[in-house]
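A.B. asks: Handing you this structure, nothing more for now.
The values are calculated or read from the model by the stated rules, or taken from the named source; none is laboratory data. Since the model is a prediction, treat every value here as computed from it, not as a measurement. Glycine gets a Cβ as well: all are built from the backbone with ideal geometry, and neighbour counts include every protein chain shown.
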Amino acid sequence: MPYTPSTYLPYDFANRRHIGPSPEEMTEMLEVLGLQSLEELIGETVPDSILQAEPLDFGKPKSEREMLWAMRQIAKKNRAFTTLIGQGYYGTVTPPAIQRNILENPAWYTAYTPYQPEISQGRLEALLNYQTMVSDLTGLEIANASLLDEATACAEAMTMAQRVAKSKASAIFVDRDCHPQNIAVIRTRAEPLGIEVIVGDPFTDLDPEKVFAGLFQYPGTYGHIHDFTGPIADLHAAEALGIVVADPMALVVLKEPGAMGADIAVGSTQRFGVPMGFGGPHAAYMACRGAYKRAMPGRIVGVSVDSRGNKAYRLALQTREQHIRREKATSNVCTAQALLAVMAGFYAVFHGPKGLSAIAQRIHRKAVRTARGLQEAGFTVEPAEFFDTFTVDVGPMQGVIYKAALAEKINLRRIGTTKLGIALDETTRPASIEALWRAFGIERKDKGGDGEYRFPEGMIRESDFLTHPVFQMNRAETEMMRYMRRLADRDLALDRAMIPLGSCTMKLNAAVEMMPITWPEFSNIHPLAPADQVRGFAEMLDDLADKLCRITGYDAMSFQPNSGAAGEYAGLMTIAAYHRARGEGHRRICLIPTSAHGTNPASAQMAGMKVVAVKSAENGDIDLEDFRAKAQAAGGDLAACMITYPSTHGVFEETVREVCEITHAHGGQVYLDGANLNALVGLVKPGEIGSDVSHLNLHKTFCIPHGGGGPGMGPIGVKAHLAPYLPADPATGGTGAVSGAMHGSASILPISYAYVLLMGGAGLTQATKVAILNANYIAKRLEGAYEVLFKGRNGRVAHECIVDTRDFVDTAGVTVDDIAKRLIDCGFHAPTMSWPVAGTLMIEPTESETKAELDRFVTAMLAIRDEIREIAEGRIEKGNNPLKKAPHTVEDLVADWDRPYSRERGCFPPGAFRVDKYWPPVGRVDNAYGDRNLICTCPPVEELADAAE
Ligand SMILES: *Cc1c(COP(=O)(O)O)cnc(C)c1O
C-alpha cells in the first residue's frame with residue numbers, strides 16, 4: 001500500500017484503552033438500541049434542563065508516556081527525607097514480595113468487598129490472618145478487618161464505648177499524650193453527639209465517675225510508656241471502659257492492652273509494611289473483648305461452613321452495618337482499608353513472631369543508641385525509658401538544631417519552643433543516626449548494638465503471639481510467593497471478569513495509573529513533612545482539585561475524607577458549621593429518601609442530625625409531594641437533604657432542580673451523594689443544578705481500585721459559601737478534622753490524577769456516555785427475560801439498571817441469591833444484590849467493559865432465565881437444580897452425582913469459559929451458621945487438617 005498523507009492514522013491511546021467497546025462495537029450496540037449515535041442516546045437519557053453549557057476542556061489529553069513524564073516532574077518536587085517525626089507515622093520496609101505480589105497485583109487490588117464469600121476466599125483468609133495478628137498483638141478476642149485510620153478509629157472506639165458502657169456519664173477522658181490528630185478527630189466526632197471531651201493526665205486528672213470511657217495512647221506521643229492497668233481498673237469500678245490506642249510494633253515487645261484490662265484497642269498498622277504516603281492509606285485496627293463484638297464497627301471476617309460442611313470464610317455479623325441498620329448502625333464505615341490490612345497481615349506472615357521481635361528490638365536498640373549518644377554529649381533526653389520515641393530538651397537551640405537536621409536531610413518533630421521529638425524506625429540506618437548526631441553538634445560513629453534495653457520495669461511482653469501455623473510457615477520467598485498466589489487464585493477480581501456492581505463502578509484501574517504510587521517521592525513522605533519537601537503534592541492537589549471543581553461545578557475541595565462515607569460526614573459537618581455560623585445551629589433535620597445508600601442516614605446521625613425519610617414514588621423517583629410536605633414540616637429546623645444523582649434507582653430524575661429549590665426555600669442545604677458521578681462527568685455538574693456539597697468516590701468514578709474493600713478517597717466539593725467551614729488540619733488540632741491527615745489518603749491521589757490527565761475533558765465525557773451506552777445495551781438485551789424496574793422518560797436508564805427477580809420466588813422458588821451464586825458458575829461476580837430494592841439486581845457495567853464481555857454476561861443471564869423457566873414449568877425439581885446447587889465446585893464434580901442435570905450443565909453453563917473456567921474454592925457458604933458459631937481468628941490446625949482431607 002502506498003503511504004500518503006491521507007493514510008495517516010491518528011491513535012488515541014488512553015481513551016481507547018480505558019473505554020471498552022471499540023467504535024465498531026459501539027455502532028452495533030447503538031443499532032440494538034435503534035439509535036444512530038451516542039449523542040442521540042444521551043439526548044434521550046439526560047434531561048436537557050440539567051446539561052452543562054460548556055464541554056469539559058483540560059487541553060490535550062496525555063499519552064501514557066507523557067503522563068508518566070509529567071508525573072515524574074511532579075514527583076521530583078517532593079523530597080523524601082529521613083523522617084523521624086513519628087506522631088503515628090513511621091518509616092517501614094515493604095517486603096518486595098508483598099509489593100509485587102499484592103500491592104502491584106490486580107488480582108488483589110481490583111477485587112471488590114467480599115460480600116460474595118464464595119469468590120472471595122483468598123482475601124477473606126488474608127483478612128482473617130490480619131485479624132488474628134491484631135487479636136494476638138493486642139491480647140483481645142475480636143478484631144475487625146480494618147478501619148480508615150488511627151484517628152477515626154479512636155473516634156469509633158469512643159462511640160462504641162458509649163454504646164456498651166454501663167456508665168451513663170456523657171464525657172470521655174482523653175490522655176493528653178495522644179497524638180494531636182487523634183484528639184482533633186475525637187473532638188469533631190464528640191461535638192454533635194453531645195459528648196464532652198476531657199483531656200488530661202491519666203494518673204492525676206482522671207475522675208472515673210465522670211466518664212463513660214478513658215482513652216490512652218501507648219506509647220504516648222512523646223514516647224512515654226505507661227501501664228494503664230490502674231486507671232482502667234478505676235474506670236471499670238465506675239462501670240466505664242478503658243480504650244488503649246497502641247502502636248502494634250511496640251506491642252511486639254511491650255505488655256499488651258488486654259493484659260492491662262483494656263476493653264478496646266485501636267491503632268494504625270501502617271508500620272507493618274505500608275509506606276507513610278503523606279498520610280495514607282493505611283489500615284487502622286480495632287480489637288475488643290468478645291462481649292462487645294456486636295457493637296464493633298467495620299467489617300469482621302468470620303469462619304463458617306459451606307454446603308458440604310467444609311470450612312469457608314465470610315463476613316460476619318453483617319446486621320451491624322449501615323446498609324442494614326441505617327441511622328441506627330454502629331458506624332457509617334463502608335469502604336475501609338482492606339488492601340492495606342492484607343499487606344499488614346502478610347507483613348506478619350512474612351516475618352513471623354521471631355522476625356517481628358527482631359525488627360522491634362532493633363528499632364528499640366537504635367533508639368537507645370541514639371539517645372545515649374545525645375546524653376553522653378550532655379543533652380537531656382526524656383523519658384528515661386521508651387520504645388522508639390523520645391524528646392530532647394534543647395532550649396533556645398531548637399531552631400538551630402532543627403535546621404541543622406534539615407541540612408542533613410532529616411526531619412525532626414518540633415515540640416513547643418524548646419524540644420525536639422525523635423522517633424526511630426525499621427528503616428533508620430547507622431548513617432542517619434550519625435547525621436542526626438551531627439545536627440546536634442556531635443561527631444560520633446554508630447558502632448551498632450551492644451544490646452542495651454530501656455523498657456520500664458514490668459512492661460515487657462510476656463505472652464506469646466502469632467502462634468498459629470500460618471505465622472510459622474517456612475519463610476522462603478518461594479513459599480510466600482506461592483501462598484499469595486494460591487489465595488489470589490481463589491478470588492474473582494476484575495482481572496478475570498466484569499464486576500457489574502451497581503453503584504460501585506468497578507471500572508478499569510489502568511496499570512499506568514498505579515505506577516506512580518510506589519515511587520518513593522509519593523510513598524515515603526510523612527504527612528507533617530515541611531512544605532518545601534512536598535511541593536509536588538501541593539501542585540498535584542491544586543491541579544486535581546481545580547479539575548474536579550470544573551467537573552462538578554463546585555468552588556472548593558477538601559481531600560481529607562478517606563472514604564465516601566467519611567465524605568458524607570464531612571459534608572454534613574460543613575453544612576452544620578455553616579448553619580451555626582449564621583446563628584441557625586438549631587437546624588438539625590436531614591431529609592433522606594428511603595432509597596438512599598445506608599451510609600447517608602448513618603452519616604447524618606453522626607453529624608448530630610435527625611433523619612426524616614422521604615418516600616419514593618411508583619416510578620422510583622423521589623416522591624415530590626412527600627418531599628415538599630416534609631420540608632415544610634421541618635421549616636426553620638431543616639438543615640439539609642441528601643439526594644443521590646442520578647438516583648440509586650439508576651434514573652436521571654427530571655425533578656432534581658425542584659428538590660434543590662424546595663430545600664433552599666426552607667433554608668436547608670443540598671448534599672448530593674456523588675457516588676454516581678460516573679453518569680455525570682462532562683455532562684452535568686452537581687454544583688450547577690442546585691447542590692451545595694458532594695463527596696466524590698475516587699475509588700469508583702476516578703479509577704482508584706477497590707482493593708477488596710478499600711482504600712478509597714471521598715473528597716468533598718462545596719460551593720463558595722461553605723468553603724470556610726471545610727475540615728482544618730488535624731495535626732495542628734484544627735476544628736472540624738474528620739481524618740488523621742490533612743489530605744486523607746493522599747498517596748493514592750496520583751491514580752485519579754493520572755486518569756484525568758490521560759483522558760482529558762473530552763475523554764472523560766466520552767467515558768460517561770459509553771457508561772450510559774453499556775448500561776442501556778444490557779437493559780435492552782435483557783428485555784423480555786427480566787423486567788427493568790425503573791426507567792426514565794424515554795425508556796432509558798442511566799449508567800446502571802435494576803432488574804426485578806422477585807417474581808421468581810413465587811413461580812420457581814428461585815431467590816436473588818440463587819441467581820447471584822449461579823452467576824459464579826458462569827464466571828461472573830454478581831451485580832449488587834437487594835439494594836436499593838430487596839430482591840433485585842442492580843447492574844452497572846461501566847464504560848470499561850467490551851461488547852464481548854457484556855454479551856457474555858447477557859448470555860449467562862438469559863441462560864439463567866431459561867433455567868428459572870424450566871423450574872417454573874416443573875421440568876426440573878424445585879429443590880435440586882443448577883440454581884439451588886450453585887455455585888458448583890471441583891468437589892461437586894468428583895463426588896457422587898445425584899442431580900437431575902448433567903455435571904457439564906452444572907459446571908459449564910453458558911458464559912463460563914471452558915479452559916479458563918473459574919472454580920470457586922467452596923460451595924455455597926452458610927452465613928447463619930457462622931454467626932451462631934462466631935470465630936474471627938484463624939481456626940485451630942485440627943480443623944485445617946479436616947478441611948484439607
Ligand atoms: C459507595 C457508596 C457510598 C459510600 O462510599 P464508601 O466509600 O464505601 O464509604 C455512598 N453512597 C453511595 C450511593 C454509594 O454507592
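A.B. asks: When Arg325 is evaluated against the numbered criteria (1) at pLDDT 95 or above; (2) assigned to a helix (DSSP H, G or I), which criterion, by number, is the only one it fails?
C.D. replies: Here Arg325 clears every test but (1).
A.B. asks: Against the condition more than 28 Å from Thr518 (Cβ to Cβ) and in contact with a Cys (Cβ under 6 Å, 6 or more places away or on another chain), how does Gly690 come out, does it pass?
C.D. replies: Numbers: more than 28 Å from Thr518 (Cβ to Cβ): yes; in contact with a Cys (Cβ under 6 Å, 6 or more places away or on another chain): yes.
Yes.
A.B. asks: Any chance you could count how many residues in segment 533-556 are acidic (Asp, Glu) and in contact (Cβ under 8 Å) with a residue 12 or more places away in the chain?
C.D. replies: Keep residues of segment 533-556 that are acidic (Asp, Glu), which gives 539, 542-543, 546, 555.
In the following step, the residues that additionally are in contact (Cβ under 8 Å) with a residue 12 or more places away in the chain were identified as 539, 543, 555.
Total meeting the criteria: 3.
A.B. asks: Go through segment 890-929 residue by residue and tally those that are touching a residue at least 40 places away in the same chain (Cβ under 8 Å), under 28 Å from Ala852 (Cα atoms) and either of a type in the set (Ser, Thr, Tyr) or not in a loop (DSSP other than H, G, I, E, B) (or both).
C.D. replies: 3
A.B. asks: While we're on this one: Need pairs with beta-carbon distance below 9 Å; first residue closer than 21 Å to Ala265 by Cβ and within segment 201-214, second β-branched (Val, Ile, Thr) and not in a strand (DSSP E or B); sequence gap 6+ or separate chains.
C.D. replies: Partner pairs satisfying both residue conditions: Phe212/Ile195; Gly214/Ile232.
A.B. asks: Based on what the data block shows, is Phe379 touching a helix residue (DSSP H, G or I) at 6+ places or on another chain (Cβ under 6 Å), under 25 Å from Thr83 (Cβ atoms) and not charged (D, E, K, R)? Reasoning before the result, please.
C.D. replies: Details: touching a helix residue (DSSP H, G or I) at 6+ places or on another chain (Cβ under 6 Å): no; under 25 Å from Thr83 (Cβ atoms): yes; not charged (D, E, K, R): yes.
No.
A.B. asks: Let me ask something additional. Does segment 636-653 contain at least one residue that is in a helix (DSSP H, G or I), touching a strand residue (DSSP E or B) at 6+ places or on another chain (Cβ under 6 Å), away from the ligand (no atom under 14 Å from the Cβ) and in contact (Cβ under 8 Å) with a residue 24 or more places away in the chain? Walk me through how you get there before you give the answer.
C.D. replies: Start the filter on segment 636-653 by keeping residues that are in a helix (DSSP H, G or I), which leaves 636-637.
From the residues that got through so far, the ones that are touching a strand residue (DSSP E or B) at 6+ places or on another chain (Cβ under 6 Å) too are 637.
This time we only want the ones that are away from the ligand (no atom under 14 Å from the Cβ), so: 637.
Of the ones still in play, those that are also in contact (Cβ under 8 Å) with a residue 24 or more places away in the chain are 637.
Yes.
A.B. asks: Sort through Ala312, Ala287, Ala240, Ala265 and tell me the only one that's surrounded by 24 or more Cβ atoms within 10 Å (Cβ to Cβ), more than 21 Å from Met158 (Cα to Cα) and more than 16 Å from the ligand (Cβ to nearest atom).
C.D. replies: Details: Ala287 fails: more than 21 Å from Met158 (Cα to Cα); Ala240 fails: more than 21 Å from Met158 (Cα to Cα); Ala265 fails: more than 21 Å from Met158 (Cα to Cα).
After applying the criteria, what remains is Ala312.
A.B. asks: Return only the number of the condition from (1) within 26 Å of Val803 (Cβ to Cβ); (2) away from the ligand (no atom under 14 Å from the Cβ) that Glu661 does not satisfy.
C.D. replies: (1)
A.B. asks: Going through segment 672-682 one residue at a time, which ones are more than 11 Å from the ligand (Cβ to nearest atom) and closer than 22 Å to Leu722 by Cβ? Steps first, answer last, please.
C.D. replies: Applying the first criterion (more than 11 Å from the ligand (Cβ to nearest atom)) to segment 672-682 yields 679-682.
Once the filter is applied, which keeps residues that are more than 11 Å from the ligand (Cβ to nearest atom) and closer than 22 Å to Leu722 by Cβ, segment 672-682 yields Leu680, Val681.
A.B. asks: If you go through segment 523-543, how many residues are over 22 Å from Tyr90 (Cβ atoms) and crowded, with 22+ Cβ neighbours inside 10 Å?
C.D. replies: 1
A.B. asks: Now for a separate question. Evaluate segment 683-704: report whether one residue or more is more than 16 Å from the ligand (Cβ to nearest atom), in a helix (DSSP H, G or I) and crowded, with 20+ Cβ neighbours inside 10 Å.
C.D. replies: Scanning segment 683-704, I find at least one residue that is more than 16 Å from the ligand (Cβ to nearest atom), in a helix (DSSP H, G or I) and crowded, with 20+ Cβ neighbours inside 10 Å, so the answer is yes.
A.B. asks: Take segment 592-613 and flag every residue that is within 12 Å of the ligand (Cβ to nearest atom) and in a loop (DSSP other than H, G, I, E, B).
C.D. replies: Within segment 592-613, Ser595, Ala596, His597, Gly598 qualify.
A.B. asks: Against the definition (assigned by TED's automatic domain parsing to the domain that holds Phe386, farther than 30 Å from Val925 by Cβ and of a type in the set (Phe, Trp, Tyr)), how does Tyr292 come out, yes or no?
C.D. replies: Working: assigned by TED's automatic domain parsing to the domain that holds Phe386: yes; farther than 30 Å from Val925 by Cβ: no; of a type in the set (Phe, Trp, Tyr): yes.
Judged against the criteria, Tyr292 is not a match.
A.B. asks: While we're here: Listed residues Leu726, Leu758; which is surrounded by 24 or more Cβ atoms within 10 Å (Cβ to Cβ), within 29 Å of Gln52 (Cα to Cα) and of a type outside the set (D, E, K, R)?
C.D. replies: On the way: Leu726 fails: surrounded by 24 or more Cβ atoms within 10 Å (Cβ to Cβ).
Answer to the check: Leu758.
A.B. asks: Looking at the structure I just gave you, is Ala607 over 22 Å from Ala838 (Cβ atoms), at pLDDT 95 or above, surrounded by fewer than 24 Cβ atoms within 10 Å (Cβ to Cβ) and touching a helix residue (DSSP H, G or I) at 6+ places or on another chain (Cβ under 6 Å)? Walk me through how you get there before you give the answer.
C.D. replies: Numbers: over 22 Å from Ala838 (Cβ atoms): yes; at pLDDT 95 or above: yes; surrounded by fewer than 24 Cβ atoms within 10 Å (Cβ to Cβ): no; touching a helix residue (DSSP H, G or I) at 6+ places or on another chain (Cβ under 6 Å): yes.
Answer is no for this residue.
A.B. asks: Quick test for you: out of Ala602, Ala570, pick the one residue that is farther than 13 Å from Asp637 by Cβ, touching a strand residue (DSSP E or B) at 6+ places or on another chain (Cβ under 6 Å) and buried (at least 22 other Cβ atoms within 10 Å of the Cβ). Please lay out each step first, then the result.
C.D. replies: Details: Ala602 fails: touching a strand residue (DSSP E or B) at 6+ places or on another chain (Cβ under 6 Å).
Of the residues listed, the single one that is farther than 13 Å from Asp637 by Cβ, touching a strand residue (DSSP E or B) at 6+ places or on another chain (Cβ under 6 Å) and buried (at least 22 other Cβ atoms within 10 Å of the Cβ) is Ala570.
A.B. asks: Take Glu191 and tell me if it is farther than 27 Å from Ala341 by Cα, under 30 Å from the mean Cα position of the chain (by Cα) and at pLDDT 95 or above.
C.D. replies: Details: farther than 27 Å from Ala341 by Cα: yes; under 30 Å from the mean Cα position of the chain (by Cα): yes; at pLDDT 95 or above: yes.
Yes: the conditions hold for Glu191.
A.B. asks: A further question follows. Given the options Glu24, Glu40, Glu44, Glu31, name the one that is under 13 Å from Arg796 (Cβ atoms), assigned to a helix (DSSP H, G or I) and without any contact (Cβ under 8 Å) to a residue 40 or more places away in the chain.
C.D. replies: Details: Glu24 fails: under 13 Å from Arg796 (Cβ atoms); Glu44 fails: without any contact (Cβ under 8 Å) to a residue 40 or more places away in the chain; Glu31 fails: under 13 Å from Arg796 (Cβ atoms).
Selected residue: Glu40, the only one of Glu24, Glu40, Glu44, Glu31 that is under 13 Å from Arg796 (Cβ atoms), assigned to a helix (DSSP H, G or I) and without any contact (Cβ under 8 Å) to a residue 40 or more places away in the chain.
A.B. asks: If you don't mind, there's one more thing I want to ask. Starting from segment 706-731, take each residue that is on the phi > 0 side of the Ramachandran plot and list its partners that are within 16 Å of the ligand (Cβ to nearest atom) and of a type in the set (Lys, Arg), counting only C-beta distances under 7 angstrom and pairs at least six apart or across chains.
C.D. replies: Gly709/Arg299
A.B. asks: Turning to a different aspect of this structure: Please find, within segment 540-555, the residue that is farthest from the ligand (Cβ to nearest atom) out of those that are over 16 Å from Gly744 (Cα atoms) and in contact with a helix residue (DSSP H, G or I) (Cβ under 6 Å, 6 or more places away or on another chain).
C.D. replies: Asp555
A.B. asks: Let me ask something else about it. Mind telling me which of the residues Thr417, Thr389 ends up being surrounded by 21 or more Cβ atoms within 10 Å (Cβ to Cβ), hydroxyl-bearing (Ser, Thr, Tyr) and in the same structural domain as Pro219 (by TED's automatic domain parsing)?
C.D. replies: Details: Thr417 fails: surrounded by 21 or more Cβ atoms within 10 Å (Cβ to Cβ).
Criteria check complete, one pass: Thr389.
A.B. asks: I'm checking my understanding of the structure. Among residues of segment 331-355 that are within 14 Å of the ligand (Cβ to nearest atom) and part of a helix (DSSP H, G or I), which one is nearest to Met481 (Cα to Cα)?
C.D. replies: Let us first name the residues in segment 331-355 that are within 14 Å of the ligand (Cβ to nearest atom), namely 331-339.
Those still in the list that are part of a helix (DSSP H, G or I) too: 338-339.
Working: Ala338: 20, Leu339: 17 Å.
By that ranking, first place goes to Leu339.
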